[in-house]
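Asker: This is the structure, below, for whatever I ask next.
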Amino acid sequence: MRRWTTLSLLLAIFLLTEALVCPEKWTFFDGKCWFYSTRSERWPEARDECRLRYGSDLAVISGERDDNFVNYLAFRADRLLQFDEGKAPSESECFERTPGFVLLGSAVVSPGDVRSATECAEHCLHSTPRFAFVCKSAIWFEKTKECVLNDAAAAESPELFVKNSDSGKSVEYFENKCFDAIPVEEGPSVVGREEIRMLPGVRNCFDKFKHSSLVGFADTVVENVTEKECLSKCWRCEKCLLGKRCKSVVYYRGARECILLSRNRRGNSEAMNPLERGADFFERRRECLPENCADMEVDVVFVLDGSQSVGADRFNRSVAWVSEIVEAINEATEFWNAAVVQVGDSPVLDYDVPMDSFESLAVFRRNLSTVGWKRMPKSALGFAARRIVADWRNIRPNVDLTWVVFLTDGVTSDLVTTEYELMKNNRNLSIYAIGNSEFVDESTLRALATSERHVVANGTLDDVLKLFSRDICSEESLEKMRPHQDRPLFPNTSENAIFSDDPKPSTRHQGVWLGLRRGSYGTLEWVNASPLSEDYVKPIAKHLEILPENGECVLREEEKMWHLEDCSEKHEFVCSMTPLQNINDKLRNSFQ
């Protein structure tokens, strides 16, 4: 055993000598070398593996920056930069290559296990979500397959941009010309906030109760998230709430606040408040229901023709039909919202019933009953259509369907233009055109609607109601709620199992061991005896220490979830160590 240990240490020293500062496949980040092992070991054996094989120790985290990096290293939970379709810059478009040069004094990260210059450039392009800094240049060492990411470019420090005089070293410098194109929301202003990966179709895994909350319970509060991010975090949480599973959430839409709960309505019915304005309560189901149109979230914008050509009787008929259409939608799903606007020749769109201005079908109908015919001299349907589609073509967060419904005789003083034809070609939006009289201009209705099947020219109320009842539970509508086939909601192999709430074997690991465990006096201690950081680790530790029955060793799960686990359980692990030399010092000594 001692002979093997000595050989391992000699090998580690050799690797450190050949490499820049970290052994092969290790990543240099924040002044330390890090390694993620895919081997599953008990906590003591995992620590021995780090110490004896690599001369390091189980990972020590000093703050949120380190924690976010571990999340990327172990779970690859980075959020790749999203550019407009067709405009995503590639490595070849973004980088200017200069062979034989290096930039000194600006190295921040050296990612491990990089196999090519292209991969190195890709890391630089996506450095903000992965490593919490903006990479302006990269250096690639072909012989040792090492990649160095810099926070500066050659033009900023020309005196530190030096030529490689060692013919035995093949080195290339890449300057990032695209870092200014990073969207604002991806830039340094949000560095340090770990992103929650949204599970497609997760809404089908929860029962929703509008304007409700479970009073008196709040295990964890997550701020500044969308509803679906909130549900995704709860669904992934098996032991994140002091060792307990997340069973329900309360989501405050206005504040974008998510409260994770380890309890649900069962046994706590007296705590259920059905009159909580601004809040929705979600309870975890035993199984996800991807074919359930009762979960559908729908926005409907009713556009009433208020011009003189319509007449009072036909206008009032339109109002009555709106009431019936909404009732039909309400029978399919209670999660709908609606707005009503009257159009004519006015350049201003003044909503008679604004979106989010009511809490129930009864209140909507009461508001609708106050809408009167404005008897506008002319009808500028073309102008109104462009304005309304421009306002609603981007679907609201958490909404599955957005419908725009015109009720008109089709008589208009302007044209439905080619610009509108292009605008309505939007998969997020379905536009209906309903004739509200015996004599309608069918050509205008067809020009307004997104398809022929969304036109009712001379139909009855029954025809209209059948249309909307059919469409809300159509295959096309349900498809928008389903998990993407290339991104299953859960990684189980069985098609039926992906929607099961019961734990099953999975190829995805459940967490990684950190170098934190209970010491002799019951308090949590790092393996290197370093103090717990006051502003980050210590609050987490205080939260964990109140559950002695759950285990002695800390397991770090995805999305910043820490909990105490039995040390005899087998998990993957992360090692870390402080190198003998800083990466910038090593580069300076090698090239100056």
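The values are calculated or read from the model by the stated rules, or taken from the named source; none is laboratory data. Please read these numbers as outputs of a predicted model, since none were measured by experiment. Using ideal geometry, Cβ is built from the backbone for each residue, glycine included, and neighbour counts are taken over all protein chains shown.
Let's see how each residue does on (1) surrounded by fewer than 23 Cβ atoms within 10 Å (Cβ to Cβ); (2) over 17 Å from Phe573 (Cβ atoms):
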site	(1), (2)
Phe28	no, yes
Arg39	yes, no
Trp43	no, no
Ala46	no, no
Arg51	yes, no
Gly55	yes, no
Arg65	yes, yes
Asn68	no, yes
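Asker: Further question: Using the structure shown, decide if Thr450 is modelled with pLDDT of 85 or more and in a loop (DSSP other than H, G, I, E, B). Give the derivation first.
Answerer: Details: modelled with pLDDT of 85 or more: yes; in a loop (DSSP other than H, G, I, E, B): yes.
So Thr450 fits the description; yes.
Asker: Which condition number does Arg396 fail, the rest of (1) in contact with a Phe, Trp or Tyr (Cβ under 8 Å, 6 or more places away or on another chain); (2) closer than 23 Å to Thr333 by Cα; (3) surrounded by fewer than 19 Cβ atoms within 10 Å (Cβ to Cβ) being met?
Answerer: Going through (1) in contact with a Phe, Trp or Tyr (Cβ under 8 Å, 6 or more places away or on another chain); (2) closer than 23 Å to Thr333 by Cα; (3) surrounded by fewer than 19 Cβ atoms within 10 Å (Cβ to Cβ) one by one, Arg396 breaks only (1).
Asker: Residues that are in the same structural domain as Leu58 (by TED's automatic domain parsing), in contact with an Asp or Glu (Cβ under 7 Å, 6 or more places away or on another chain) and at pLDDT 80 or above: does region 531-538 have at least one?
Answerer: At the first step, the residues of region 531-538 found to be in the same structural domain as Leu58 (by TED's automatic domain parsing) are 531-538.
This time we only want the ones that are in contact with an Asp or Glu (Cβ under 7 Å, 6 or more places away or on another chain), so: 536.
Those still in the list that are at pLDDT 80 or above too: 536.
Yes: one or more hits.
Asker: Same structure again: Could you identify the single residue in Asn337, Asn264, Asn292 that is modelled with pLDDT of 90 or more and out of contact with any Leu (no Cβ under 8 Å at 6 or more places or on another chain)?
Answerer: That would be Asn337, the only listed residue that is modelled with pLDDT of 90 or more and out of contact with any Leu (no Cβ under 8 Å at 6 or more places or on another chain).
Asker: For Gly267, only one of the following conditions fails: (1) closer than 14 Å to Asp207 by Cβ; (2) out of contact with any Cys (no Cβ under 9 Å at 6 or more places or on another chain); (3) of a type outside the set (Lys, Arg). What is its number?
Answerer: With (1) closer than 14 Å to Asp207 by Cβ; (2) out of contact with any Cys (no Cβ under 9 Å at 6 or more places or on another chain); (3) of a type outside the set (Lys, Arg) applied to Gly267, the lone miss is (1).
Asker: What number of residues within region 290-301 satisfy the criterion of being surrounded by 17 or more Cβ atoms within 10 Å (Cβ to Cβ) and part of a loop (DSSP other than H, G, I, E, B)?
Answerer: 3
Asker: Starting from residues that are crowded, with 17+ Cβ neighbours inside 10 Å and not aliphatic (A, V, I, L, M), keep the ones in region 565-583 and report whichever is farthest from Arg39 (Cα to Cα).
Answerer: This residue is Pro579.
Asker: Let me ask something additional. Looking at Leu401, Leu349, Leu381, can you tell me which residue is surrounded by fewer than 18 Cβ atoms within 10 Å (Cβ to Cβ) and touching a helix residue (DSSP H, G or I) at 6+ places or on another chain (Cβ under 7 Å)?
Answerer: Leu349
Asker: Please tell me if Ile388 is part of a strand (DSSP E or B), farther than 27 Å from Pro274 by Cα and not hydroxyl-bearing (Ser, Thr, Tyr).
Answerer: no
Asker: Among the residues of region 199-219, is there at least one that is modelled with pLDDT under 90, surrounded by 14 or more Cβ atoms within 10 Å (Cβ to Cβ) and of a type in the set (S, T, N, Q)?
Answerer: yes
Asker: Please pick out the residue among Gly267, Gly243, Gly306, Gly311 that is over 22 Å from the mean Cα position of the chain (by Cα), under 30 Å from Ala380 (Cα atoms) and either of a type in the set (A, V, I, L, M) or surrounded by fewer than 19 Cβ atoms within 10 Å (Cβ to Cβ) (or both).
Answerer: Gly311
Asker: Can you confirm whether Val322 is part of a strand (DSSP E or B), more than 22 Å from the chain's Cα centre (by Cα) and either surrounded by 20 or more Cβ atoms within 10 Å (Cβ to Cβ) or not aliphatic (A, V, I, L, M) (or both)?
Answerer: No: the conditions fail for Val322.
Asker: Looking at Leu555, is it closer than 16 Å to Ala107 by Cβ, surrounded by 21 or more Cβ atoms within 10 Å (Cβ to Cβ) and at pLDDT 85 or above?
Answerer: On the way: closer than 16 Å to Ala107 by Cβ: no; surrounded by 21 or more Cβ atoms within 10 Å (Cβ to Cβ): yes; at pLDDT 85 or above: yes.
Against the criterion (closer than 16 Å to Ala107 by Cβ, surrounded by 21 or more Cβ atoms within 10 Å (Cβ to Cβ) and at pLDDT 85 or above), Leu555 does not qualify.
Asker: Checking the structure you have, find out if any residue of region 353-375 is loosely packed, with under 15 Cβ neighbours inside 10 Å, basic (Lys, Arg), at pLDDT below 90 and on the phi > 0 side of the Ramachandran plot.
Answerer: Checked against the condition, which is being loosely packed, with under 15 Cβ neighbours inside 10 Å, basic (Lys, Arg), at pLDDT below 90 and on the phi > 0 side of the Ramachandran plot, region 353-375 yields at least one hit.
Asker: Right, Glu186: in the same structural domain as Asn150 (by TED's automatic domain parsing), among the charged types (D, E, K, R), in contact with a helix residue (DSSP H, G or I) (Cβ under 8 Å, 6 or more places away or on another chain) and at pLDDT 85 or above or not?
Answerer: Values: in the same structural domain as Asn150 (by TED's automatic domain parsing): yes; among the charged types (D, E, K, R): yes; in contact with a helix residue (DSSP H, G or I) (Cβ under 8 Å, 6 or more places away or on another chain): yes; at pLDDT 85 or above: no.
Against the criterion (in the same structural domain as Asn150 (by TED's automatic domain parsing), among the charged types (D, E, K, R), in contact with a helix residue (DSSP H, G or I) (Cβ under 8 Å, 6 or more places away or on another chain) and at pLDDT 85 or above), Glu186 does not qualify.
Residue-by-condition table, conditions (1) without any contact (Cβ under 8 Å) to a residue 40 or more places away in the chain; (2) over 24 Å from Met296 (Cα atoms); (3) part of a strand (DSSP E or B):
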{"site": "Thr370", "(1), (2), (3)": "yes, yes, no"}
{"site": "Asn398", "(1), (2), (3)": "no, no, no"}
{"site": "Val404", "(1), (2), (3)": "no, no, yes"}
{"site": "Tyr420", "(1), (2), (3)": "yes, yes, no"}
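Asker: Look at Glu45 and say whether it is at pLDDT 90 or above and not aliphatic (A, V, I, L, M).
Answerer: So Glu45 fits the description; yes.
Asker: What number of residues within region 231-269 satisfy the criterion of being part of a loop (DSSP other than H, G, I, E, B), within 16 Å of His563 (Cα to Cα) and hydrophobic (A, V, I, L, M, F, W, C)?
Answerer: Total satisfying the criteria: 4.
Asker: What single numbered condition from (1) closer than 14 Å to Ile434 by Cβ; (2) modelled with pLDDT under 95; (3) not small (Gly, Ala, Ser) fails to hold for Leu349?
Answerer: (1)
Asker: Which ones in region 305-359 are farther than 30 Å from Glu227 by Cα and β-branched (Val, Ile, Thr)?
Answerer: Val310, Val319, Val343, Val348
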